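Undergrad: Here it is, the structure, as structure tokens.
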Amino acid sequence: MPTQAENMTACDREDGIHLDRRTFLARAGAGALATGAVLASAGAAAQTATGTGAGASVSVQAVSGAQNGQFWPNGARLVISISMQFEAGGQPPKGTDSPFPKVDFPASVPADLATNTWFAYGYREGIPRMLDLWDRHGVKVTSHMIGEAAKRHPELAKEIVARGHEAAGHGPRWSSEYAMTRAEERQFLEQAASMVQDVTGQRPVGYNCNWLRRGPNTLSLLQELGYTYHIDDLSRDEPFIEKVNGKDFVVVPYTLRNNDILLIEGRNYSPSKFLEQIKLDFDQLYDEAGSRRRMMSISAHDRISGSPQMVRVWEEFLVYAKSKTGVAFMRKDEIAKYVLGSPLTLRESETI
């Protein structure tokens with residue numbers, strides 16, 4: 001009688017080819033590793049998996065999806081999701097993050113003028129330059145708009161939407177939502193949507209908190225107010241669904257590792273290193289995408305990625321990514337809509 005190790009070795013190979021972990025788990029059965037028993041047939045594995053929990057079901061579906069090319073629309077292998085933050089003009093007059101040393105300005109000084117010029121670069125140069133870049137490559141992005149930024153620069157906000165990009169919520173101004181009461185946060189989120197809609201004509205369906213720090217009421221309020229997804233989550237490299245108020249709510253994960261504000265802004269980190277990092281990230285996810293749904297998230301802030309050197313880096317990356325078969329760029333609202341209707345979408349049983 002074969003030992004457990006021999007069973008696992010046999011199950012881990014197909015015609016001498018090593019199987020990936022998800023295929024192995026699907027064929028072995030989700031409970032196999034926990035119980036020490038490995039199922040003998042793929043049919044038995046599927047029957048057990050679909051009846052014993054979300055993780056098992058996902059594994060079987062992932063294998064099926066890889067065979068049928070159903071992870072993404074039109075048979076795409078890997079989706080790239082780009083966030084373009086429109087924050088310039090929505091920052092506090094003083095006390096916000098910048099490359100400049102921290103200064104405790106006296107009350108008699110109304111604004112940090114140097115820092116405000118740093119932000120002004122975002123709407124004067126950065127976003128216009130990035131919009132031309134996206135157009136050159138036929139790429140559509142999601143722009144997380146601070147309400148005050150859109151209100152102060154309405155023509156630019158309108159242009160973003162007119163060029164086919166998504167306008168998403170990013171708060172009416174920079175404030176800590178986790179410190180708000182439920183009533184305060186509800187009003188804050190309503191303003192976030194209405195300010196962007198009033199300027200662009202597009203009602204945001206996605207949301208991004210200031211520095212991703214949502215409060216205990218945030219997701220429930222977003223669901224109640226008609227948003228369909230949020231991005232304040234770093235836990236996966238693919239979108240997924242969680243239950244909020246008993247209904248499906250989509251998470252389109254954000255990124256810190258492919259984020260210009262962490263890697264470039266005031267940190268002596270060169271654009272060439274940024275390019276190297278995001279290409280490595282892309283290569284790994286592209287390899288994994290052969291057997292499971294994968295999404296690469298990248299972040300571009302108006303005042304950072306809109307600089308001449310960073311646009312050159314972005315251009316090189318876009319050319320590189322587009323040279324690979326099956327790479328698609330999608331807006332986050334499109335991603336959310338697709339995964340809501342896909343039977344292959346991961347479903348989390350608990351919200352972090």
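Undergrad: Which is out of contact with any Asp or Glu (no Cβ under 7 Å at 6 or more places or on another chain) and without any contact (Cβ under 8 Å) to a residue 24 or more places away in the chain, of Leu344, Leu318, Leu263?
TA: Of the residues listed, the single one that is out of contact with any Asp or Glu (no Cβ under 7 Å at 6 or more places or on another chain) and without any contact (Cβ under 8 Å) to a residue 24 or more places away in the chain is Leu263.
Undergrad: For the stretch 259-293, what are the residues that are surrounded by fewer than 22 Cβ atoms within 10 Å (Cβ to Cβ) and part of a loop (DSSP other than H, G, I, E, B)?
TA: Correct list: Glu265, Gly266, Arg267, Asn268, Tyr269, Ser270, Gly290, Ser291.
Undergrad: Something else: Check Gly226, Gly206 and return the single one that is buried (at least 22 other Cβ atoms within 10 Å of the Cβ), out of contact with any Gly (no Cβ under 6 Å at 6 or more places or on another chain), small (Gly, Ala, Ser) and under 25 Å from Lys140 (Cβ atoms).
TA: Gly206
Undergrad: Please specify each residue of the stretch 231-253 satisfying the condition of being crowded, with 18+ Cβ neighbours inside 10 Å, modelled with pLDDT under 95 and under 10 Å from the mean Cα position of the chain (by Cα).
TA: Across the stretch 231-253, the qualifying residues are Asp232, Asp233.
Undergrad: With the condition kept exactly as written, say whether any residue in the stretch 301-308 is farther than 12 Å from Leu78 by Cβ, more than 20 Å from the chain's Cα centre (by Cα) and in a helix (DSSP H, G or I).
TA: So far as the stretch 301-308 goes, yes, one or more of its residues are farther than 12 Å from Leu78 by Cβ, more than 20 Å from the chain's Cα centre (by Cα) and in a helix (DSSP H, G or I).
Undergrad: What number of residues within the stretch 110-143 are over 15 Å from Glu87 (Cβ atoms), at pLDDT below 95 and in a helix (DSSP H, G or I)?
TA: The qualifying residues number 2.
Undergrad: Moving on. Does the stretch 206-230 hold any residues that are in a helix (DSSP H, G or I) and over 19 Å from Gly89 (Cα atoms), and which are they? Before you say what the answer is, go through the steps one by one.
TA: At the first step, the residues of the stretch 206-230 found to be in a helix (DSSP H, G or I) are 210-212, 218-224.
Answer for the stretch 206-230, where residues must be in a helix (DSSP H, G or I) and over 19 Å from Gly89 (Cα atoms): Leu212, Thr218, Leu219, Ser220, Leu221, Leu222, Gln223, Glu224.
Undergrad: Which condition does Trp134 not pass, out of (1) in contact with a helix residue (DSSP H, G or I) (Cβ under 8 Å, 6 or more places away or on another chain); (2) crowded, with 20+ Cβ neighbours inside 10 Å; (3) more than 19 Å from Gln197 (Cβ to Cβ), if it passes all the others?
TA: Going through (1) in contact with a helix residue (DSSP H, G or I) (Cβ under 8 Å, 6 or more places away or on another chain); (2) crowded, with 20+ Cβ neighbours inside 10 Å; (3) more than 19 Å from Gln197 (Cβ to Cβ) one by one, Trp134 breaks only (1).
Undergrad: Can I ask one more? Scanning for something farther than 24 Å from Leu219 by Cβ and assigned by TED's automatic domain parsing to the domain that holds Val205, does the stretch 328-340 turn up at least one residue? Let's see the steps before the verdict.
TA: So in the stretch 328-340, the residues farther than 24 Å from Leu219 by Cβ come out as 328-329.
Still in the list and also assigned by TED's automatic domain parsing to the domain that holds Val205: 328-329.
Checked against the condition, which is being farther than 24 Å from Leu219 by Cβ and assigned by TED's automatic domain parsing to the domain that holds Val205, the stretch 328-340 yields at least one hit.
The values are calculated or read from the model by the stated rules, or taken from the named source; none is laboratory data. On a predicted model such as this, the values are computed, not experimentally measured, just so you know. Note that each Cβ is placed from the backbone with ideal geometry, even for glycine, and that neighbours are counted across all protein chains shown.
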